[in-house]
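The values are calculated or read from the model by the stated rules, or taken from the named source; none is laboratory data. These numbers come from a predicted model, not from an experiment. Please note: Cβ atoms are built from the backbone with ideal geometry, for glycine as well, and neighbour counts cover all protein chains shown. The protein model used for the area step is the full one, side chains on, heavy atoms only, and it has no ligands, DNA or RNA in it. Shrake-Rupley method; radii C 1.70, N 1.55, O 1.52, S 1.80 Å.
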Amino acid sequence: MTVAVLGTGIMGSGMARSLLRAGHEVRVWNRTADRAKPLAEDGATVAADASEAVRGADVVLTMLFDADSVLQVVGAVVDQIGPDAVWLQTSTIGVDGAERAAAFAAEHGIAALDAPVLGTKAPAEQGTLTVLVSGDPALVDRVRPVLDAIGAKTVVAGDRFGQASALKL
């Protein structure tokens, strides 16, 4: 799969490396470009901007600071997210943030899953996070290779976006 990772801080960079090890094509972008550049050595394509990262991606994975950051970044690239792409929102954005993200996805016709993760830098680097996911079961099945690459365990928290964030909190 082609995965765009938006946000390559401590967690996002580890997740990107895990995706690369699993054989996925990974495009990375970070608001501070220097944080994404080291991933090129691991085989990732470092995008000049978020639009370039998501264009043609099968999965758009967000791992950003908070709900405002997530919605700002995804809002800036919404027109570049393909009709068959899945937005895998892995940031910890809370219940309110998840509700806002769900409303945004619905408004723009984006297939989306709420998938906050449990773990720190080492599990992110090792691909052993616990992924809490909620949303359409068919979408969960579609992105299963990505979930398996970043996590040792996936817990399906429900079929409604936001239930995973509620479980995490």
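At-a-glance table
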quantity: Surface accessible to a 1.4 Å probe, per residue, for the residues of region 1-79, Å²; calculated: 42
quantity: Of all accessible heavy-atom area on region 36-135, the percent that carbon and sulfur account for (1.4 Å); calculated: 49
quantity: Potential extension, ALA22-VAL95 segment - 0.36 nm per residue separation minus Cα distance; calculated: 23.2 nm
quantity: For q = 0.14 Å⁻¹, Debye-computed log10 I/I(0) when each Cα of region 27-85 counts as one equal scatterer; calculated: -0.37
quantity: Compactness of region 1-63 as Cα Rg over 2.2 N^0.38 Å, two decimals; calculated: 0.91
quantity: Over region 47-169: Rg over Rh, Cα atoms, Kirkwood Rh; calculated: 0.93
quantity: Sequence-separation-based contact order of region 1-109, relative, with Cα cut under 8 Å and 6+ spacing, percent; calculated: 26
quantity: Efficiency of FRET between THR120 and SER51 - r from beta-carbon atoms, R0 35 angstrom, step 0.05; calculated: 0.70
